[in-house]
Structure formats: structure tokens, C-alpha cells
Amino acid sequence: GTSIRNYGEILTVNQVRVAIKCVITCIQYMHTNGYVHRDIRWPNIIMVSEFNFLMIDFEFAGISGTPMNIKDYIFKYMVAYNDNYQTSHDMKLIGKLVEDWASYNKKELDNNANNFVTSMKCENASASVALGHDWLQNNPL
């Protein structure tokens, strides 16, 4: 597969939706089993085929609710180093994937996509709710 290095630069909006759906499906499985990924970003997503994506890089994964003791730049904007990393923090990173793609590619997000990103930033955001969001469901593929 192809690693997506630069904020999803090679992806169309429909591919971004599919990639996000694949990531959320993976995260839903992890969260259901009490784990968090902690490093959700474009370089950790592999494009297997045009509309099939996989999560990689699980070395920062851990049990949900455990303290963060990793001093990595990706966590600075979300979690104080003493805080416990929750499933909601993974969901914030999923919203950040969409924002990063749009910013890097100078794309305007439509209202539905903006609503999706906003919903990922809520403290009660969950993978199961995210999978049902209109922005992911309105994929023409």
C-alpha cells in the first residue's frame, strides 16, 4: 500500500470520506475493547487500493483512561501530559485529519463536513455515532 505522507494530498474528497470511515471502523473496534490509538494522522494510514485504507503504527496505543507519558508533538494541543488519554481524544484526531486534508489542499469544507469535524471535537464523540454521520453516509460511491 501507499502511505499518505502529506495530509492526504493525493486524495479526493470521496477518498477522504472512505479513509475516515476505515479509520473510524478500526478505532471503534479498539474503543469497544478498551484501547485507544493515540497517533491518528495521515502518515499512519495506508491506502491499499483507491477506496480501501488501513491504520498502522500502534506503538502509542494503550488502555483508554491511562495517563499520557509520551512527549510527542501530536499530543500537545489536546492533552496535558498528566491527563488520562480518553477515546474522545482519538475522535478529535479524526476531526483533525479532515481539517489537515482541507488545509493542505486548500479545499473549503462544506457545511456537512464542518459539522462532522465539529462533532469529533465534542467530549462525548464516539466512533459508533461518527460512522452514522451524514458526511460519511452521503458518499456517492
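The values are calculated or read from the model by the stated rules, or taken from the named source; none is laboratory data. As the structure is a computational prediction, the values presented were derived from the model and not from experiment. With ideal geometry, Cβ positions are generated from the backbone for all residues, glycine too; neighbour counts draw on all protein chains shown. Side chains included, ligands, DNA and RNA excluded: accessible areas come from the protein's heavy atoms. Shrake-Rupley method; radii C 1.70, N 1.55, O 1.52, S 1.80 Å.
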**OP:** Enumerate the pairs (first residue in the range 95-106 and closer than 15 Å to ARG17 by Cα; second residue anywhere and open to solvent by less than 10 Å² (accessible area, probe 1.4 Å) and modelled with pLDDT of 90 or more) with beta-carbon separation below 6 Å, excluding pairs fewer than 6 apart on the same chain, so at least 6 apart or on different chains.
**Re:** GLY95/VAL117; GLY95/MET120; VAL98/VAL117; GLU99/VAL117; TRP101/VAL16
Subject >> Those residues of the range 114-134 which are open to solvent by less than 30 Å² (accessible area, probe 1.4 Å) and at pLDDT below 95, in sequence order >> reply: ALA125
**OP:** Mind listing just one residue for me: the one in the range 1-12 that is buried (at least 17 other Cβ atoms within 10 Å of the Cβ) and not aromatic (Phe, Trp, Tyr) and, of those, modelled with the highest pLDDT?
**Re:** LEU11
Original post:
Looking at the range 24-47, is at least one residue small (Gly, Ala, Ser), touching a residue at least 12 places away in the same chain (Cβ under 8 Å) and either part of a helix (DSSP H, G or I) or crowded, with 18+ Cβ neighbours inside 10 Å (or both)?
Top reply: no
